[in-house]
1. Residues in the range 102-121 near a label at LEU201, defined as backbone nitrogen under 19 Å from the 7 Å Cα→Cβ point?
2. From the phi angles alone, apply the Karplus equation (6.51, -1.76, 1.60; θ = phi - 60°) to the range 225-230 and give each ³J(HN,Hα) in whole Hz, x where the residue is Gly or Pro.
3. Can you work out the accessible area per residue across the range 402-470, with the rest of the protein chains kept in place, probe 1.4 Å, in square angstrom?
4. Pairs of alpha-carbon atoms within less than 8 angstrom and 6+ residues apart define the contacts here; what relative contact order does the range 9-230 have, in percent?
5. Roughly how many nanometres apart are two label points built 7 Å out from the Cα toward the Cβ at ASN468 and PHE396?
6. Using the Cβ atoms and a cut-off under 11 Å, what net charge is assigned to the surroundings of GLU338, where Lys and Arg are +1 and Asp and Glu are -1?
7. Can you list the HN-Hα couplings for the range 346-355, worked out from phi with the Karplus curve (6.51, -1.76, 1.60; θ = phi - 60°), rounded to whole Hz and with x for Gly and Pro?
8. Using a Förster distance of 41 angstrom, determine the FRET efficiency expected from the C-beta separation of ARG128 and GLU358, and round it to 0.05.
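The values are calculated or read from the model by the stated rules, or taken from the named source; none is laboratory data. Predicted model only: the values in this text are computed from it and were never measured. Because the Cβ atoms are built from the backbone with ideal geometry, glycine has one as well, and the counts that use them run over all protein chains shown. For accessibility, only protein heavy atoms count, side chains too; no ligands or nucleic acids. Shrake-Rupley method; radii C 1.70, N 1.55, O 1.52, S 1.80 Å.
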Amino acid sequence: MKIFSESHKTVFVVDHCPYMAESCRQHVEFDMLVKNRTQGIIPLAPISKSLWTCSVESSMEYCRIMYDIFPFKKLLMAALAAVGPPNPRADPECCSILHGLVAAVETLCKITEYQHEARTLLMENAERVGNRGRIICITNAKSDSHVRMLEDCVQETIHEHNKLAANSDHLMQIQKCELVLIHTYAVGEDSLVSDRPKKELSPVLTSEVHSVRAGRHLATKLNILVQQHFDLASTTITNIPMKEEQHANTSANYDVELLHHKDAHVDFLKSGDTHIGGSSREGSFKETITLKWCTPRTNNIELHYCTGAYRISPVDVNSRPSSCLTNFLLNGRSVLLEQPRKSGSKVISHMLSSHGGEIFLHVLSSSRSILEDPPSISEGCGGRVTDYRITDFGEFMRENRLTPFLDPRYKIDGSLEIPLERAKDQLEKHTRYWPMIISQTTIFNMQAVVPLASVIVKESLTEEDVLNCQKTIYNLVDMERKNDPLPISTVGTRGKGPKRDEQYRIMWNELETLVRAHINNSEKHQRVLECLMACRSKPPEEEERKKRGRKREDKEDKSEKAVKDYEQEKSWQDSERLKGILERGKEELAEAEIIKDSPDSPEPPNKKPLVEMDETPPVEKSKGPVSLLSLWSNRINTANSRKHQEFAGRLNSVNNRAELYQHLKEENGMETTENGKASRQ
């Protein structure tokens, strides 16, 4: 069906009774020349608008915003200029808003140009073109009962005109109508009508009631309603630099509120990082999203790519900040808008620019560009998951790919089977239980479970399929009896992971989840589940065997732990013993040096070394404590000295000096000079 929403037809009905000619009692100061006024001249008294003027201006502002954002395919009645103001001396009994409501219903029954085009395209199915509309009635009701009388009038009129439209080629029946009743009254008076949210009066008519004071309050209410009716949203541009009129060399920052389609906020509302504030206008609160002004950019080529563009309409179109911003953009300039952030880098999310004399709010993507290469699935989502079942997912796509369907098939009840619905049904069955990550599944990592997992997703099973599933379950029972290991993932766990019986418990639970997801497919699926549950309920001797196995595993763990503790204790004791021996050796060597350096000390007796070794070399005299390196070097030198015959010259040397060529002295009888001596350390 070609559906036209209620926003396709909007009819304004403004009460023209004598009461609407009264003042709204909201004064307007128009004598603003206070500084240059000549003395003695009485200032002009403030004026106030009538209820009729406030209603017409608010209605026109509603239309202006709508036409700015949706210049096409929207209809509004605009015959208010030819009516003129109401006559305050007219008889109220002769004036009734009911005539306007009846005319509004007649207008909704008329076929618009766009509906006629849709009916022409559909030809024989012209009745499938929808007809919906909205009536906004601004009046001054006497009481709540008066409001109910107006609602009944509209309901009866729709019923009568739908009968006429059923037999006419130039009229269309009203399928849905929204009635918005706005009761307006002068400032300072008490309202005689209560507000009421939208209520369904019949399958065709819904109604809502708003009680609003005239003047600025009425304009604000229509501003809010136009956002609700046409899915608009508010954006406030802050920190707009603007020169002052009185002081050309100074500038101040201003704010401008813009209205646009709400889709301009979809992307960065999802991120939850948007500053949503409120603008308070005459006592009412309205949500608006705040964006900061950035330095204007004239070269649009350097901008980020755009994901959407939406027409805008200033809320206060006649204000100086709105006028300056509009003229600035219409001159070919562009302005970047950023999200206000307390910390972090600047995020530019939108841009204001004009095209063909119209101003658009462009949505700039702040995430990864769709033109860039997509990230590899092996990198993981956010860098946290890297064990996706990529191979299994490729096989899953091959099993569920779409192919041309030529031969028609019929269901059991004789109805024709739609190929697309059958494909959706198969995809739903295959994804009832399908873990995406390797570490979150056990059975899909086991080759032994493949026969069961591949056939359990079928809509119906054969006897052979049931036997294969039962064999798979029996093989798993045999694996558990043999205590075979399972491919349990230990990613993110410490230690050895779960014990063997816990691993099998996890496996059986997951297998039961998979089978239970498909037990409603057929009776044979139920038989597979019964076999699984029977194998899970172990006999008493099986439970006893499992207990013995757990005790044996606990003993093995305890023995391994005891061995490790003993080795650690032994190595610690050895290190402490060696440390104590070395400390005592250092202390005694230091004492020996002190005693030897004393002139009155006797020759120290020979002592055995603290550390009993095969032989220890004589410790050279030192002026301080002996280091551990010296002790170890002496021990190594002693061990090495036993491995070869000592040099004869060193054995017969005096003070480690050996005289060379002694036979020459004996043969020639010559004195050996100092140059003929050599020392070998």
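1. 102-110
2. Result, rounded to whole Hz: 5, 5, 5, 5, 6, 10.
3. That works out to 67 Å² per residue.
4. Result for the range 9-230 is 27 percent.
5. 2.0
6. With Lys, Arg at +1 and Asp, Glu at -1, the net is +3.
7. Karplus values, whole Hz, x for Gly and Pro: 6, 10, 8, 10, 9, 8, 9, 7, 10, 9.
8. 0.75
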